[in-house]
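The block underneath contains the structure these notes are about, expressed in structure tokens.
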Amino acid sequence: MEWILTGFVAGVLVSFLGSLPPGILNATIVQLSLQRGMGAAFGFAAACVVVEVGYSYLAILLASSLMKLGRYHVAVEIFSTGLLLAAGVYYLRKKEAALSNKTLSRPFYLGIGLSLVNVVAIPFWVVYTALLTGQGWIMVMDATGIALYLGGIALGTLLALELFAFSGRYLSRRFSLSGGLVNRAVGLMMVATALLQIVHLFL
């Protein structure tokens, strides 16, 4: 029963933290909340969640296939750790995103379109799913485990995007500063996780 709770919580935390670095989705939902109101922002966020869950499920299938290779289990974990370390360095060096001035019509369809081109979500979730499975924190070999993990991912994504939406006015004034701080925080988190995984692999 404990793994059920940890799987859901892991999905929420990783999704929430992974959605915080400023990018086109966050910038767009801030602008939507300012120009069209919270209803439009929520429609956009809901669309992003739909695509994120779809990409996450695809990543679970890929990660599960890799983990079933048995003798390549360690190689998969090393590869995942390397990607995580590279992502951490990327966020540490990433510059802040600027707010877009595009016309924000049909928020739900806009969210679907922008999320679909965000294909980096697939390798992101492959890496984290492989790492979390390897540590025994999640179980993605049955329908219940997958459903709860995906539910956590959906909730974490929605919470992060709504945080940006509700904080729209403040973030519109402080976006550059907040963006730099969040990028560095998430980058440090990823690097620290990768280093801990390296220690786990070789001890």
Open item on the list: What's the number of the only condition in (1) assigned to a helix (DSSP H, G or I); (2) at pLDDT below 75 that ARG71 fails to meet?
Closed with: (1)
TODO: Taking the options GLY18, GLY43, GLY54, GLY37, name whichever one is surrounded by fewer than 23 Cβ atoms within 10 Å (Cβ to Cβ) and in contact with a Pro (Cβ under 9 Å, 6 or more places away or on another chain).
DONE: GLY43
Open item on the list: Which of the numbered conditions does MET189 fail, given that it passes all the others? Conditions: (1) at pLDDT 80 or above; (2) closer than 18 Å to VAL9 by Cα; (3) in contact with a helix residue (DSSP H, G or I) (Cβ under 8 Å, 6 or more places away or on another chain).
Closed with: (1)
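Table: residues versus (1) aromatic (Phe, Trp, Tyr); (2) farther than 24 Å from SER64 by Cα; (3) at pLDDT 65 or above; (4) touching a Lys or Arg at 6+ places or on another chain (Cβ under 9 Å).
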position: ALA86; (1), (2), (3), (4): no, no, yes, no
position: LEU104; (1), (2), (3), (4): no, yes, no, yes
position: TRP125; (1), (2), (3), (4): yes, no, yes, no
position: GLY134; (1), (2), (3), (4): no, no, yes, no
position: LEU148; (1), (2), (3), (4): no, no, yes, no
position: GLY156; (1), (2), (3), (4): no, no, yes, no
position: LEU159; (1), (2), (3), (4): no, yes, yes, no
position: ARG169; (1), (2), (3), (4): no, yes, no, no
position: LEU181; (1), (2), (3), (4): no, yes, no, no
Task: Selection count, the stretch 27-49, where residues are within 12 Å of LEU163 (Cβ to Cβ) and at pLDDT 80 or above - done: 4
Task: Residues that are free of Cβ contacts under 8 Å to residues at least 24 places away in the same chain and outside any loop (DSSP other than H, G, I, E, B), drawn from the stretch 131-160 - done: ALA143, ALA147
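The values are calculated or read from the model by the stated rules, or taken from the named source; none is laboratory data. Please read all numbers here as calculations on a predicted model, not as lab measurements. Here the Cβ is made from the backbone with ideal geometry for all residues, glycine too, and neighbour counts use every protein chain on show.
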